[in-house]
């Protein structure tokens, strides 16, 4: 399993449980700094709250919107995913192609 897949797995698990639907990974055409990490072989995951469509969210506009209930759910997902990733015995650097813990 690649580093990105290992990083995404707890988000998919907890996201599905919290939101009551099957989640999947997919790319999005957004300008984000995560591309710099990915270009260096560092696994990245972008996870956010709210509408899945940037038009529905009015993204990057003065009236961008987000339901508080979506924010609460996303906060729960992130907290649970990070807790899983930080469990003893987990090596967050494992799966970083060509990187050791010291160089990651």
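The values are calculated or read from the model by the stated rules, or taken from the named source; none is laboratory data. It should be emphasised that the depicted structure is a prediction, and the values quoted were computed from it without experimental measurement. Note that each Cβ is placed from the backbone with ideal geometry, even for glycine, and that neighbours are counted across all protein chains shown.
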Meets criteria (under 13 Å from the mean Cα position of the chain (by Cα), in a loop (DSSP other than H, G, I, E, B) and surrounded by 12 or more Cβ atoms within 10 Å (Cβ to Cβ)) for residue 48: yes
Region 61-77, subset surrounded by 11 or more Cβ atoms within 10 Å (Cβ to Cβ), closer than 14 Å to residue 19 by Cα and without any contact (Cβ under 8 Å) to a residue 60 or more places away in the chain, residue farthest from the chain's Cα centre (by Cα): 67
Residue in region 81-92 that is surrounded by 14 or more Cβ atoms within 10 Å (Cβ to Cβ), free of Cβ contacts under 8 Å to residues at least 40 places away in the same chain and assigned to a loop (DSSP other than H, G, I, E, B) present: yes
Of the criteria (1) part of a loop (DSSP other than H, G, I, E, B); (2) more than 23 Å from residue 60 (Cα to Cα), which one residue 38 fails: (1)
Subset of region 11-50 [under 19 Å from residue 70 (Cβ atoms) and at pLDDT 90 or above]: 11, 12, 13, 14, 15, 16, 17, 18
Any hit, region 16-25, residues being farther than 21 Å from residue 83 by Cβ and part of a helix (DSSP H, G or I): no
